[in-house]
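For reference, the structure is listed below as structure tokens.
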Amino acid sequence: MIKITELQKYYRTEEVETVALNSLSIDVQKGEFVAVMGPSGCGKSTLLNIIGLLDDLDEGSYKFNDIEVAKFNERKRSDLRKHNIGFVFQSFNLIDELTVFENVELPLIYTKVPAAERKKRVEEVLEKVQIMHRRNHFPQQLSGGQQQRVAVARAVVNNPKLILADEPTGNLDSNNGNEVMQLLTELNDQGTTIVMVTHSEHDARYSDRIIRMLDGQVVMTTVG
Amino acid sequence: MLKNYIKIAWRNIWKTKGFSTINILGLAVGMTACFLIALYVNFERSYDRYHSKADRIYRLVCDIKTPTETINANITSGPMAMYAAKDLPEIENFARLLPNSLLIRKDNIKYQESKLFFADSTLFQLFDFPMVAGNPATALKEPFSVVLSESAAKKYFGKEDPMGKSLLLTDDSFNSKVTGVIKDIPENSQFKGDVFVSMVTLIKMANFKFDEQWGNFGFTSYVLTKPNTDPSLLTTKFPAFLTSRVGKEMDQMKMHYSLFLEPLKEVYLYSKRGGFESGNINNVYIFAIVALFILLIACINFINLSTARAIERAKEVGIRKVVGAYRMQITRQFISESVLICLLAFIISLLLCLVLIPYFNYLAGKEISGGIFFHPIYIIILFLLACLIGLLAGIYPALVLSSFKPVTVLKGKFSSNAKGLLLRKTLVIVQFVVSIALIAGTLIVHRQLGYMRNQNLGFNKEQMLVLQTNGDAKSRILKDAVASVPGVLSNSVSGAVPGGENPVAYSEIENKQGDMQIANLPVYFVDYNYIPLYKIKLVAGRIFSPDFGTDTAQAMILNESAVKLFGYSKPEDAIGKKYSQWGSEGKIIGVIKDFHFKSLQSKIEPLSMRYGQGNGGGLVSIKIEGQHINAALQAIERKWHDIIPNRPFEYFFADEFFDRQYRAENRFGGLFLNFAVLAIFISCLGLFGLVSYNTTQRYREIGIRKVLGASVSTIVQLLSIDFLQLVCISILVASPLMWFFMSKWLADFAYHIDISWWIFAIAGSIAVGIALVVITSLTIKAAMENPVKSLRSE
Ligand SMILES: Nc1ncnc2c1ncn2[C@@H]1O[C@H](COP(=O)(O)OP(=O)(O)OP(=O)(O)O)[C@@H](O)[C@H]1O
Ligand SMILES: [Mg+2]
């Protein structure tokens, strides 16, 4: 599903040029659950953002479902992203001015799903992440774990083929963390491909494969 | 999608109530000013446009050239339009108006009708004045026919049907018949008559053969051209027409006429010749520009506050992009948001307009009806205008916000960039430039008005009561009668008083070369007492005196300007020279010092004075002792009712009367002041928003500095110095700009103030002062805060 070869990514500031990713190549098959691990600053988030088409790459090739997307313009990326990829972040990233229901509904609005259908699908996923009873609350009125479950619901509401999660349990205690991991595993069982960045060996154990990075390069891949 | 935008926009407005209030209030006030001015501009431009033949109607005007001067008159003599229509096939029809003020009486109901015109019977064929009763084709055909406006008809006849009823004209009681009633003439008309008397009445009433007297000016003439007539081509035919009709007389009198056409629709706003009522296109432009500036200030507030708050919206933008929003969609979202805010402001401003229209009418000095304002088409136009404002004000913030990269903003490493800050500073400068310019403009206008009010006019107008008998034959008797009223110090009867109308006479005066020089001279008919009563200074010769029998018919007094006009370098040299004026011949007996008999807008013109007992005007001037004014006024009114019982008591005070000439300027000043206050208010709202935002942003910094030992005053200084710098730059930009524009405005006044540097210093200090209050009140609060609190809140 994802095939990245010889990827280079630099960050340029006034004085220095940081090499964030250095001739990095990875493959992720459809239906896989991959965990990415490595020390802070080694380029995990950068990689995830590139996979999610939120950031562009400087050199190398990136094929998504056999289509070369490295040179896509912003609009094409948005199109690809909104139909195929869901995101879960460490800091939840819900819109504070929207209710739980409206937050989850948002991706469906951008993919132009009709209102009745939207309601049905949002309710379905909210049911699935067991947050239905809080549908009319605002994010600030929920606990961290609840917020992250809403974020997962939002990521999956469009039935994406790929979910990218950047330290989804980083801000959660172990109970809440395990619930979120449980959810991701269920999604993976239903066929969704998952790439997850994590610092926790415990969480990584839920995955099929662990990619270990150091200084912008893949140093080891272990199959779980 | 739109629903989602509106929902989030609404919640955002609600969440940040303070900002939203500033935003919406600023916009609403700006829009209100803009709408009111739009209404005013539109009203001024609408004059006389409602006549169906307006495109083919022209005012016929005349230049009168004598060897001495050229007068650009807005009037003609009677035969001009009449014979032009006869001789020139391009002219289909004509109608003339002769304004007058007559006493009209029906039993005990009597009014001095000053909105009265003698009019040709063709009046209603040229102009669309719908008739409620009567036949428009014949109503003004017969002598002593009167057409009334509906309100005049009601005044005299109440609920009765006025048709065919009689009205008494003038004190001599000519009997006239009401032959028609028209709807009241709309406010946006260059002449607003209440009473029209058939022109032919003049022949019967005063034996005035108006169709034959080429030298008797006073008629406002309108001509209707045949369709597709080129007015400039028609104008080229006038010289030949005049030569064939009055060539000989013109040569004889050494007076040359030229005729011109002014399109009816442009007379009010564009004609430099004035008229019954005239506007000023420059003022219309000035106010239009002021309106745009105020709107600009309001929009700048909006842009500034929205971009300053961009950081708070950044996360939302990031998330929306992550879940698939196009940049375009985000842009659209923020634009819809600003349009929504504008529409809220629009609703508030409609309410404000509704409340303010009476006040605005008062300021503008005319009934700009709120009715047309709340006409659906206007509402729609204003609604679209509001949307446009939202669009324009929203577009920049929307582009900034939608350009955020999700990766950057979601990481939270985001801070406002220097470019945005520079832009915000520039915009604040623009706001203050406009505000300071308006303050300086207001100061200059008011100083000029004060200057005109306090200038020594060359005559004394204090405690001077003037009775307006409208030329009553008994004005002299009235004058003698009031002399005995306690408190009356002195009095006089005359044909004119300073600041009012006066006749202009075809005159011949012996000049320095010994020739009889022709000039059109304003003439005051005065009695023996007039010059001392008004304390007008004599510089040579003597004043009229009963000791010289010849003074009543063969004496003239000139002012210094007139003496100069005829070539005398010393006033004494003019004494004893010959004059001939309106059939009277005699000698110059005295020269008076120039006094301002017209407003300070124009230079003092040559003036002649002759002995007369109130010819024409019948004005009785009465000097009253200060403490007796009220009692004396009552006693004088009783005398009036005894002597001329048929006329309603009419009086004014000479000083107020003179200042009435500055009504337009006073209004201009008043409007300017109001808009300057508005501009400052909106700018300060914006400054308030920015400073308070900036202060909250630096909350933590303030805390740290305080922990490290900074005092409250250093922190206030730190926070306010940036903004004060901006205000100072604005002063530097605004001063030369305003100096340039106001010099132009002042150039219209023959006597005016000089713009001194300290006006800008004052305007600047006012701006700095207000800004300082806003800034320090906010920063002191922040600086006084306990540092522990601000540090913990992070
Ligand atoms: N916007 C940026 N500008 C400059 N350098 C950046 C930027 N973003 C990231 N970097 C640099 O790129 C490298 C990789 O960063 P990245 O965020 O991918 O690390 P990470 O592995 O996700 O770390 P963490 O586990 O702490 O989240 C780091 O050295 C970082 O300093
Ligand atoms: Mg990271």
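Over 28 Å between C-alpha atoms is what I'm after, so list which of A:K3/B:K315; B:K86/B:K154; B:K254/B:K512; B:K209/B:K265 land there. Violating the 28 Å Cα-Cα cut-off are A:K3/B:K315; B:K86/B:K154; B:K209/B:K265.
Scalar couplings 3J(HN,Hα) for region B:527-541, obtained by applying the Karplus form with A = 6.51, B = -1.76, C = 1.60 to θ = phi - 60°, are 9, 4, 8, 4, 5, x, 4, 8, 6, 7, 7, 8, 10, 7, x Hz; x denotes Gly and Pro.
Between the amide H of A:I210 and those of A:A35, A:T222, A:V223, A:G224, distances stay under 5 Å, these residues lying 5 or more places away or on another chain, with hydrogens modeled in the peptide plane.
Which entries in the list B:K537/B:K570; B:K461/B:K639; B:K141/B:K248; B:K110/B:K366; B:K155/B:K183 go over 21 Å, if you measure between the two C-alpha atoms of each? Over 21 Å apart, Cα to Cα: B:K461/B:K639; B:K141/B:K248; B:K110/B:K366. Given their separation in residues at 0.36 nm each and the Cα-Cα distance between them, B:S561 and B:K603 gain 14.1 nm when the chain is fully extended.
Only DSSP H runs of four or more residues enter the estimate; each adds -39500 (n - 2.57), and after division by the residues of the protein assembly as shown the mean residue ellipticity at 222 nm equals -15500 deg cm²/dmol. Note on region B:155-207 and region A:64-131: Cα centroid distance 80 Å, given to the nearest whole angstrom. Excluding same-chain neighbours fewer than eight residues apart, the lysines reachable from B:K744 by a Cα-Cα span under 24 Å are B:K272, B:K598, B:K603.
Proximity of backbone amide H atoms, modeled 1.01 Å from N, is registered between B:F525 and B:G495, B:A496, B:R610 at under 5 Å, excluding neighbours fewer than 5 places apart on the same chain. Remark: region B:77-91, residue by residue, has Karplus-estimated 3J(HN,Hα) of 8, x, x, 3, 5, 4, 6, 4, 5, 6, 7, 9, x, 5, 8 Hz, where x stands for each Gly or Pro and the curve is 6.51 cos²θ - 1.76 cosθ + 1.60 at θ = phi - 60°. Highest mean first, the peptides B:386-396, B:118-128 sorted by other C-beta atoms within 10 Å per residue fall in the order B:118-128, B:386-396.
Phi angles of region B:153-170 translate, via the Karplus equation with coefficients 6.51, -1.76, 1.60 and θ = phi - 60°, into HN-Hα couplings of 4, 5, 4, 8, 10, x, 7, 4, 7, x, 4, x, 6, 9, 10, 9, 9, 6 Hz per residue; Gly and Pro are given as x. In this structure, B:T550 and B:E501 have a Cβ-Cβ separation that, at R0 = 22 Å, corresponds to a calculated FRET efficiency of about 0.20.
Under a Gaussian network description of chain A, with springs only between Cα atoms under 10 Å, the residue in A:A116, A:A151, A:A165 that fluctuates furthest is A:A116. Taking the average, over residues, of other Cβ atoms within 10 Å as the packing measure, peptides B:230-240, A:25-35 rank A:25-35, B:230-240 from highest down.
The alpha carbon gyration tensor of region B:185-257 gives principal lengths a ≥ b ≥ c with a/c of 1.5 or higher and a/b no greater than b/c, which makes the shape oblate. Please give the FRET efficiency for B:E312 paired with B:N361, using the beta carbon to beta carbon distance and R0 = 35 Å, rounded to the nearest 0.05. The formula returns an efficiency of 0.20 here. Relative to the dominant Cα principal axis of chain B, helix B:281-308 is inclined by about 10°. Put one equal scatterer on each alpha carbon of chain A, apply the Debye formula with no solvent term, and list log10 I(q)/I(0) at q = 0.13 1/Å to two decimals. Taken in order of the listed q values, log10 I(q)/I(0) reads -0.76. In degrees between 0 and 90, to the nearest 10, how far off the longest principal axis of chain B does helix B:663-697 point, with axes built from Cα atoms? That works out to roughly 0 degrees.
For the residues of B:322-334, the average number of beta carbons from a partner chain within 10 Å of their own beta carbon is 6.
Readers should treat all values here as calculations from the given coordinates under stated rules, not as data from a laboratory. Given the structure is predicted, the values throughout are model-derived calculations rather than measurements. Because the Cβ atoms are built from the backbone with ideal geometry, glycine has one as well, and the counts that use them run over all protein chains shown.
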